[in-house]
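Below is one structure, written out as structure tokens; the observations come after it.
The values are calculated or read from the model by the stated rules, or taken from the named source; none is laboratory data. Note that the structure is a prediction, hence the values are computed from the model and not measured. Backbone-built Cβ (ideal geometry, glycine too); neighbour counts: all protein chains shown.
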């Protein structure tokens, strides 16, 4: 086998398989990327036995064939290669040569016949939505940080996709939680959309660990297609496909954790608020994670007191329509919610130290983030 391919195209494909090929499994070959060359295309495949990726990319194929290469090393090699075309060919005994002009690498692969096959899902019904919108939904519900690898509860290891109907228009809802916070975003286009195809189910749970790969595939405009059949889901965009197992189990009623009686709120400029939270975070640590919000009708005071590191406090003027109180929150949760928001002004719905707060913004319609307070 031998082919030549643009570095930029090659690196784009390898980047998208990195997260999958890099996961540990009981089969060493899953750390490799399967590359097949045929016609004027190469096909790259990666799998961790639960999630699979397949992408087709244009190349000049001089000799057809199939190889497997360690995914991480291939990424590191191609990333540092000079710009231009890269040549790849197989050698004897599973070795692979990657070269161009005076740059040359030889790395050992494995028998491509041992590479696991991706599931075949025939006749799956797909529905389309704008890929930029889908990517925005993923970014706003990305709450996977800090999750234990031993966690098995469906609502903590998965992101819930649900069919919704608002104002007689079909839409899609995405919900994610880690037990301390919840993010929810709806997509209901003005002209309506094709009803989400979930194989007869109202909603499905996608594994959180694959959302980064789905985000990479979804970026760049155009449409993305989604489908579900039995225990599998498929995400397609142009020549790239992600296929994997759905998370089994029931997603709990997330509405129970969204307060519907919060009539008190204040509005605050996003960027100064983000800057304060970042500065307060400097003095947070594993043992002392909380910052304290002291709220009264005219001002918000944010402070941190860490006996191991020090203390700090800052104030911002606000107009709060409730009574004075103090509450403690994890600043990272606020930053994670605020960073993907487009709104310049943020509405903070909050009552007291015992109730969660809700973040919303006028330029982020149909999105909300619920954050639980910490013990004072």
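Here is the figure for segment 23-32: residues that are within 22 Å of the chain's Cα centre (by Cα) and in a loop (DSSP other than H, G, I, E, B) total 3. State whether the residues of segment 233-241 include one that is part of a loop (DSSP other than H, G, I, E, B), under 30 Å from residue 330 (Cα atoms) and outside the structural domain of residue 349 (by TED's automatic domain parsing). No.
Note on segment 332-349: residues that are in contact with a strand residue (DSSP E or B) (Cβ under 9 Å, 6 or more places away or on another chain) and assigned to a helix (DSSP H, G or I) amount to 5.
Residue check: residue 210 meets all listed conditions (1) under 12 Å from the mean Cα position of the chain (by Cα); (2) in a loop (DSSP other than H, G, I, E, B) but one, namely (2). Look through segment 67-95, keep the residues that are in a strand (DSSP E or B) and in contact with a helix residue (DSSP H, G or I) (Cβ under 8 Å, 6 or more places away or on another chain), and return whichever of them is nearest to residue 17 (Cα to Cα). Filtering segment 67-95 for residues that are in a strand (DSSP E or B) and in contact with a helix residue (DSSP H, G or I) (Cβ under 8 Å, 6 or more places away or on another chain), the one nearest to residue 17 (Cα to Cα) comes out as 70. The residue list 35, 42, 20, 9 contains one member that is assigned to a helix (DSSP H, G or I), within 27 Å of the chain's Cα centre (by Cα), buried (at least 21 other Cβ atoms within 10 Å of the Cβ) and not assigned by TED's automatic domain parsing to the domain that holds residue 220, which is 20.
When residue 249 is tested against (1) in a loop (DSSP other than H, G, I, E, B); (2) under 33 Å from the mean Cα position of the chain (by Cα); (3) surrounded by fewer than 18 Cβ atoms within 10 Å (Cβ to Cβ); (4) at negative phi, exactly one condition is not met: (4).
Taking the conditions exactly as written (surrounded by fewer than 19 Cβ atoms within 10 Å (Cβ to Cβ), in contact (Cβ under 8 Å) with a residue 24 or more places away in the chain and assigned to a loop (DSSP other than H, G, I, E, B)), does residue 133 satisfy them or not? No. The residue that is surrounded by the fewest Cβ atoms within 10 Å (Cβ to Cβ), among those in segment 177-202 that are part of a strand (DSSP E or B) and in contact with a strand residue (DSSP E or B) (Cβ under 6 Å, 6 or more places away or on another chain), is 186.
Once segment 108-125 is narrowed to residues that are touching a strand residue (DSSP E or B) at 6+ places or on another chain (Cβ under 6 Å), surrounded by fewer than 17 Cβ atoms within 10 Å (Cβ to Cβ) and at pLDDT 90 or above, the residue that is farthest from residue 72 (Cα to Cα) is 116.
The residue that is surrounded by the most Cβ atoms within 10 Å (Cβ to Cβ), among those in segment 48-66 that are closer than 15 Å to residue 214 by Cβ and touching a helix residue (DSSP H, G or I) at 6+ places or on another chain (Cβ under 6 Å), is 53.
Restricting to segment 190-240, give me the number of residues that are touching a residue at least 60 places away in the same chain (Cβ under 8 Å), out of contact with any helix residue (DSSP H, G or I) (no Cβ under 7 Å at 6 or more places or on another chain) and under 14 Å from residue 127 (Cα atoms). Final tally of qualifying residues: 13.
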